[in-house]
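Student: Let me begin by handing over the structure; questions about it come next.
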């Protein structure tokens, strides 16, 4: 999976603690944060699986189909309009 880089703000003391743990594990700050994030998310997924269910993707709509539906509805409305006009003339 391709990596994505982003910035995150943390107070200096927290960064120092992260760096000490990363150094003690012969790891980089990024590796430690990645590992901790994965562990946290796995725990959360077990506790609250509904959070991780992806919503269904929106279906791609067929513009030609939509246009045909609109045109058909317009034709039906014109027919009803004409019928009402004929009734009102009586």
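Where a number appears in this text, it was derived from the coordinates with a stated rule and is not lab data. This structure is a prediction, so every number in the text was calculated from the model and none was measured. A quick note on method: Cβ atoms are made from the backbone with ideal geometry, for glycine too, and the neighbour counts reach across all protein chains shown.
Student: I'd like the per residue volume of the convex hull spanned by the Cα atoms of the range 12-52, given in cubic angstrom.
Tutor: About 77 Å³ per residue, rounded to a whole number.
Student: A follow-up question, please. For the chain, set up a GNM with springs between Cα atoms under 10 Å and report which of 53, 70, 18 has the largest fluctuation.
Tutor: 70
Student: Okay, moving on. Using only the alpha-carbon atoms, how far is helix 63-89 inclined from the longest principal axis of the chain? Give it as 0 to 90 degrees, nearest 10.
Tutor: 30
Student: Over all distinct alpha-carbon pairs, what is the Kirkwood Rh of the chain in angstrom?
Tutor: 19.7
Student: Evaluate the distance, in nm, between pseudo-label points positioned 7 Å from the Cα of residue 87 and of residue 64 along their respective Cα→Cβ axes.
Tutor: About 3.7 nm separates the two model spin labels.
Student: For the chain, find the longest principal axis of its Cα atoms and tell me its angle to the long axis of helix 12-24, 0 to 90°, nearest 10.
Tutor: Value to nearest ten degrees: 70.
Student: Hey, another quick one. Using helices alone, I'd like the mean residue ellipticity at 222 nm for the chain: each DSSP H run of four-plus residues gives -39500 (n - 2.57), total over residue count, nearest 500.
Tutor: -22500 deg cm²/dmol
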